[in-house]
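Here is the structure we will look at.
The values are calculated or read from the model by the stated rules, or taken from the named source; none is laboratory data. In this text the structure is predicted, and so the values were computed from the model without any measurement. Cβ coordinates were reconstructed from backbone atoms using ideal geometry, including for glycine residues, and neighbour counts include every protein chain displayed. Note: accessible area is taken over every heavy atom of the protein model, side chains too, but ligands, DNA and RNA are not part of it. Shrake-Rupley method; radii C 1.70, N 1.55, O 1.52, S 1.80 Å.
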Amino acid sequence: MQWQQVFGYRDDDALLCIAADGSRINFKTFKRDLACACTRLQALDIRDPRAVAALYCSDSYAFCVWFFAALARNFKLVIPANNKRSTVNALGDVQVWLGEWPQAAAGQAVHLQFRPADSSAISAEPPERFTGELQLFTSGSSGEPQRIDKTLVQLLAELAAQQRQWGEQIGDARVLATVSHQHIYGLLFKLLWPLHSGRAFVSRTYVDVAALLRDAEQFTPAIWVASPAQLSRRNLSWPWASGQSLAAIFSSGGPLAAEDAAAIAELSGHWPTEIYGSTETGGIAWRSQRDGNVQWTPLSGVALRLSDTNLLQVRSPWIAGEFASQDRARIQGERFELQGRADQIAKIEEKRISLTQVERLLQDNPCIHQARVLVLPKGARRTRDLLGAVVVPTDSGRAQLQNRGKSALVRDLRQWLAPDLEGVALPRSWRFVSAMPVNQQGKSPRELLMQQFDSNLDTDGRDTPQAMLPQVTASRLLDGDDASVQRARVSLRIPGDLPCLPGHFADAPVVPGVVQIDWAVHFARQLLQVPGEFSGMENIKFKQLLVPQEQAELELAFDRDKQRLSYRFFWQADEFSSGRVSFRHD
Amino acid sequence: MSNLVEELKVLIIDVLNLEDVTPEDIQAEEPLFGEGLGLDSIDALELGLALQKKYNISIDAENENTKTHFASVNNLAKFVAESQNA
């Protein structure tokens, strides 16, 4: 791609960037910095014509210079979402590390940091063309990022479509962003679009919306490249009036909730323009939620159809072939409505998280035998979506739980995951169980695991301590013949180290009757969501002693109408105990 | 000050849904982000909002000092106390 096809600046004096220190960088300075970076890359002793360079910079201007220098040098340029250890490992064979990387990353390879051109570079000429290819990653915060090949031609083809759509509205507005350029949305909207249309961007990535709003007024006309993470977290005391000076607010990464769109419109005077897209496809469509609209309009050049399973299939000039998305949709005329994802990839705060990757990392920990991870949606109990983990500990994990407590173990496990995962991918809620709950088909569907988090027992402290529970080898819900009676069965074994075993009879350790009743109530609350306070029991029978190392089955039936639980401990033809427990609600 | 430290610990636990964490689990000196308590960038946004609402203080996240203020519960307590007296 030729130089003049990429940059849209009228002349050398045109403003290109407002640097992190507030200084203004014009097109001429950029060309000099780029020429200098190109000289440094040319000087490297790398013969492989398709050498791989990895780029990570927190500063957008430094990123920009390296981006074009690497493409001019014909490197294969890899742009990961972050510079975490798991990313470094996943990148594999990299000859040149550009920007900010952990020291260990480089190893024997070259590691170059950005520096502005010095006077010796004044004579250097910027490159004439950009031949390298690039690779972006899906917005995964797990260690399982998917590489997506892109060409500069594709990226600029999309920007031509965006410019046709929004060019008139935004004019020569400066770009202020609260999103990173390491992802496709930020790369396109914060950097390449202004460069391509001859506008300026503010180099830093804003954390504080108040500061962005103040700067928007100062740099007016300006646009805000945002995402739902910031737009959904507002403070009325921020200088929203300054937002009136914005020419537009863009949001991408995930759909914006209707109440957030409306609140932003009221505060700033702008209905956010939402962009629907993905790393694989680039931009697909846009919408504004003004007047209660929920439908998306495809960008010009995008062709859509639905698969047999109603998944959106996308073609556009900036995708090679047709892309089969995992988004369910309904097409109505020219526009469409999104109806959720079809796969196991969760999205939290715009970051795709591979739940299986988090599970695999957890299962590598010596304390964990088995782990399942799920998204716990925002609601009465939670102010945001977050991850929950249901964990079956190993013997050593069990010992840690008993000796050090849940909080200490959870902290260790989060620290175990931290080097490989971004913060939002670290499970926040933890449940330690003796066996993974399964249904009759032997599967652990999300709904069943969800009960571990949203049953009543996790908040009011009524739960039986882990150390006082038997070892569960299986637990499942049974189909009932009567809709008002729910049934479950738990297979268990009595551990030899159960604290309640001694003391009942002098020489014969047994499970005391009161402990058996407690177990029945515990598992009924856990598996059948039995609510209310224990109010009485009847028909309690103890037929045979339940002793250490013994196996047993616990059968539970909860009658919702009568608020009564029937339980029975047995093994094959032998019955240990049975009874009924009733509950009341205040 | 020690009251404020305890109050902030409870606020952090409530605002960030840290269900398995008690105030005693949070060391006043330990890092809140990264290692230590291990909070993430979204937590920083949430916590910033909650502090601004509860104590009616303004936080400039772009200011380099802000990183220091958010480094630990102790620093946060100092920052809140100073901002309120200012």
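Spacing of the modelled spin labels on B:Ala81 and B:Glu64, each 7 Å from Cα toward Cβ, amounts to 2.5 nm.
Find how much the distance from A:Ala265 to A:Asp11 grows on full extension, using 0.36 nm per residue of separation minus their present alpha carbon separation; answer in nm with one decimal.
Numbers: separation 254, 0.36 × 254 = 91.44 nm, distance 3.64 nm.
Going from the current span to full extension adds 87.8 nm.
Ranking A:Val391, A:Ala474, A:Gly132 by how far each Cα lies toward the positive end of the dipole of the protein assembly as shown (charges on Cβ) leaves A:Gly132 at the top. In the context of the full set of protein chains, the protein assembly as shown has a per residue accessible area of 43 Å² (1.4 Å probe).
Counting only DSSP beta bridges with both residues in chain A, tell me the antiparallel percent, nearest 5.
DSSP beta bridges in chain A are roughly 70 percent antiparallel.
Rounded to the nearest 10 degrees, the angle from helix B:73-85 to the longest Cα principal axis of chain B is 30 degrees.
Its convex hull of Cα atoms gives region A:139-298 a direction-averaged projected area, equal to a quarter of the hull surface, of 9.2 nm². Please report, as a whole percent, how much of the solvent-accessible surface of region A:522-586 comes from carbon and sulfur atoms (probe radius 1.4 Å). In region A:522-586, the share of accessible area belonging to carbon and sulfur is 45 percent. At full extension, A:Arg305 and A:Asp172 could sit 44.4 nm farther apart than now, given 0.36 nm per residue minus the alpha carbon distance. For the pair A:Thr383 and A:Ala320, label points projected 7 Å from Cα toward Cβ lie 4.6 nm apart. Multiplying the residue separation of A:Asn235 and A:Gln572 by 0.36 nm and removing their Cα-Cα distance gives an extension gain of 115.1 nm. Of all lysines in the structure, those lying under 27 Å Cα to Cα from B:Lys9, and not within fewer than 8 positions of it along the same chain, are A:Lys378, A:Lys406, B:Lys53, B:Lys54, B:Lys67, B:Lys78.
Over chain A, dividing the summed -39,500 (n - 2.57) contributions of all DSSP H runs of at least 4 residues by the number of residues returns a 222 nm mean residue ellipticity of -7500 deg cm²/dmol. Helix A:513-528: angle to the longest alpha-carbon principal axis of chain A, degrees 0 to 90, nearest 10? Approximately 40 degrees, to the nearest 10. Note on chain A: dipole from Cβ charges, positive end direction compared against A:Leu155, A:Asn310, A:Cys17; the farthest Cα belongs to A:Cys17. Per-atom-type breakdown for region A:3-246 gives carbon and sulfur 46% of the accessible area (1.4 Å probe, protein chains only). For A:Arg115 and A:Asn89, what does the FRET efficiency come to when R0 = 22 Å and r is the distance between their Cβ atoms, rounded to the nearest 0.05? After rounding, the FRET efficiency stands at 0.20. Rounded to the nearest 100 Å², what is the sum over both chains of accessible area buried where A meets B, with a probe of 1.4 Å? Summed over both sides, the interface buries about 2300 Å².
Could you tell me the calculated FRET efficiency between A:Gln363 and A:Ala408, based on Cβ-Cβ distance and R0 = 22 angstrom, to the nearest 0.05? Can you show the working numbers first?
Numbers: r = 20 Å, r/R0 = 0.91.
Taking R0 as 22 Å, the efficiency between A:Gln363 and A:Ala408 is 0.65.
Globularity index of region A:1-74 is 1.18 (Cα radius of gyration / 2.2 N^0.38 Å, N = number of residues).
About its Cα centre, the dipole of the protein assembly as shown is roughly 980 debye, where the only charges are +1 on Lys and Arg Cβ and -1 on Asp and Glu Cβ. On a per residue basis, the convex hull of the C-alpha atoms belonging to the protein assembly as shown measures out at 200 Å³.
Between the beta carbons of A:Thr464 and A:Ser535, assuming R0 = 22 Å, the FRET efficiency works out to 0.75 to the nearest 0.05. Within the straight-line cut-off of under 24 Å between alpha carbons, the lysines reachable from A:Lys562 are A:Lys541, sequence neighbours fewer than 8 places apart in one chain being disregarded. The Cα atoms of region A:344-432 define a convex hull whose projected area, averaged across directions, is 5.5 nm². Label-point separation (nm) for A:Asp21 and B:Ser2, each offset 7 Å from Cα along Cα-to-Cβ? Label at A:Asp21, label at B:Ser2, 4.7 nm between them. Helix A:152-170 and the longest principal axis of the C-alpha atoms of chain A enclose an angle of approximately 80°. How shielded is A:204-212 by partner chains, expressed as the average number of their Cβ atoms within 10 Å of its Cβ atoms? Counting Cβ atoms of other protein chains within 10 Å of each residue's Cβ and averaging gives 4.
Counting pairs of Cα atoms in region A:257-350, how many percent are more than 24 Å apart? All intermediate terms of the calculation are to be shown ahead of the outcome.
On the way: 1051 of 4371 pairs.
It works out to 24 percent of all Cα pairs.
The largest-to-smallest principal axis extents of the Cα set in region B:2-85 are 31, 26, 21 Å.
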